[in-house]
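Trainee: The structure is given below, and queries will be raised subsequently.
Just so it is clear, none of the values below were taken in a lab; they were calculated from the coordinates. Bear in mind the structure is a predicted one, so any value in this text is a computation, not a measurement. Cβ placement follows ideal geometry from the backbone for every residue including glycine, while neighbour counts extend to all protein chains displayed.
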Amino acid sequence: MIGSGSWATALVKILMNGGREIAWYVRNHEKMDAMRATRHNPYYLPSVKLDVERIHFSSDINEVIANADVLLFAIPSAYFLPQVSNIKESLDNKFILSAIKGIVPGDNITVAEYFNRKYKIPFSRIGIVTGPCHAEEVAMERLSYLTLSSKYIETARSLSDLFSCHYIKTVPGTDIYGVEFAAILKNIYAVAAGICHSLAYGDNFMSVLITNAYQEMKEFLHASHPDPKRCTSTSAYLGDLLVTTYSQFSRNRTFGSMIGKGYSVQSAQIEMNMVAEGYYSTKCVYEINRKYLVHMPIAEAIYKILYEEKYPAYIIKQLTEVLQ
């Protein structure tokens, strides 16, 4: 496991149900020592009990990589490049799993694309973990679904077996690109939902907003990476969009809600003390869409609010005139 936030902690909880041993990279020494001593992560999901006898903690990313066959990345995309730049250990014969719900900043490529281009790892050795699944509900062992995608369905089914337990049902798939970008886009729309909620738009409008967001997602996926076998009405696409835009646990909706109340981006980030992937994804998708020119009024509206510092109430009012 590479990462030690709430999502990483939730995934460790899931994986340890199978009696496995896990090598866990925790960058901060004090945090690592606290996790080992208290048997839980004091900063994220503290209710999750950790069987530390089966966890090999290390603050050395290369030590963790050397001792594992499967590398599961669950760090915020904003911190991805600084962390992977420390990798010196060979990734040959390693299987890469990404549970990162964001895009690689600067390069504007997905995590799977990054490992394929930078480290020459074939897509046959790359897998994607997506929801709809909030870490907080995993901690409470509420029934949740994970989608495991890889190039070959047989590999995806094997990955699904790793994560299956009495409160996690898994869905294998082969649409690596689609599920990665669906996880990126839904965070932008969750920010939009939070802004609209704070501006006192009700459930009637929210249903229109999310319907149009879903259409934007479909059109972007089709334009950027068409796949005739893709079914966007399934849980990894539509389901993840719904839970992220509506749930009380959605940090991106919370972030948007604060922006709608008048917080600056910086002040909202400081008060949340958690990364809202939608902030970074908004800029990346805006730049990527310069190539495809997909009509994305919601994503563009959020870009204007977050990066051009336009007044939220005015931009959302303009948005209401073009949604259907």
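Trainee: Output the pairs from K94/K229; K94/K291; K101/K169 with a Cα-Cα distance over 26 Å in this structure; if there are none, say none.
Mentor: K94/K229; K94/K291, as the Cα separations exceed 26 Å there.
Trainee: Hey, another quick one. Considering all alpha-carbon pairs of the stretch 101-185, what whole percent are spaced by more than 18 angstrom?
Mentor: Beyond 18 Å sits 46 percent of the P(r) for the stretch 101-185.
Trainee: Still on this model: Taking 8 Å as the Cα distance limit and 6 or more residues as the minimum spacing, I'd like the relative contact order of the stretch 179-320 as a percentage.
Mentor: Relative contact order comes out at 37 percent.
Trainee: What number, in percent, do you get for the relative contact order of the chain if the mean sequence gap of Cα pairs under 8 Å and at least 6 apart is divided by its residue count?
Mentor: Value for the chain: 15 percent.
Trainee: Each label point is 7 Å from the Cα along the Cα-to-Cβ direction; what then is the distance between the points at L293 and V322, in nm?
Mentor: 1.5
Trainee: Right, next: Multiply the residue separation of E53 and A200 by 0.36 nm, subtract the distance between their alpha-carbon atoms, and state the gained length in nm to one decimal.
Mentor: Computed gain between E53 and A200 is 48.0 nm.
Trainee: According to a simple spin-label model (label point 7 Å from Cα along Cα-to-Cβ), what is the distance in nm between K229 and N28?
Mentor: 4.2
Trainee: Then there is this: Which percent, nearest 5, of DSSP beta bridges in the stretch 6-174 are antiparallel?
Mentor: Roughly 25 percent of the DSSP beta bridges within the stretch 6-174 come out antiparallel.
Trainee: Take the alpha carbon atoms of the stretch 120-150, find their center, do the same for the stretch 252-295, and report the distance between the two centers in whole angstrom.
Mentor: That distance is 23 Å.
Trainee: Mind checking the angle between helix 29-38 and the chain's longest principal axis? C-alpha axes, 0 to 90 degrees, to the nearest 10.
Mentor: It works out to around 70 degrees.
Trainee: Treating only the Cβ of Lys, Arg, Asp and Glu as charged (+1, +1, -1, -1), what charge dipole size does the stretch 1-144 show about its Cα centre? Round to the nearest 20 debye.
Mentor: I would put it at about 160 debye.
Trainee: Okay, moving on. For a Förster distance of 35 Å, can you work out the FRET efficiency between the beta-carbons of A37 and E154, rounded to the nearest 0.05?
Mentor: Between A37 and E154 the formula returns 0.25.
Trainee: Have a look at the DSSP beta bridges in the chain and tell me what percent are antiparallel, nearest 5.
Mentor: Restricted to the chain, the bridges split so that about 25 percent are antiparallel.
Trainee: Quick one: L146, L185, fewest Cβ neighbours within 10 Å first, how do they rank?
Mentor: The fewest-first ordering by Cβ neighbours comes to L146, L185.
Trainee: OK, next. Check the straight Cα-Cα distances from K261 and name the lysines below 20 Å, setting aside those fewer than 8 residues away within the same chain.
Mentor: K304, K310, K317
Trainee: Going highest first, how would you order 90-102, 110-122 by mean Cβ packing within 10 Å?
Mentor: Final packing ranking: 90-102, 110-122.
Trainee: Here is a follow-up. State the Cα centre-to-centre distance between the stretch 172-226 and the stretch 1-59 in whole Å.
Mentor: 31
Trainee: Rounding to the nearest 10 and keeping the result within 0 to 90°, find how far the Cα-based axis of helix 251-260 lies from the longest principal axis of the chain.
Mentor: Tilt relative to the chain: about 30 degrees.
Trainee: Given a cut-off of 28 Å, what percent of all Cα-Cα pairs of the stretch 179-320 lie beyond it?
Mentor: Roughly 11 percent, rounded to a whole number.
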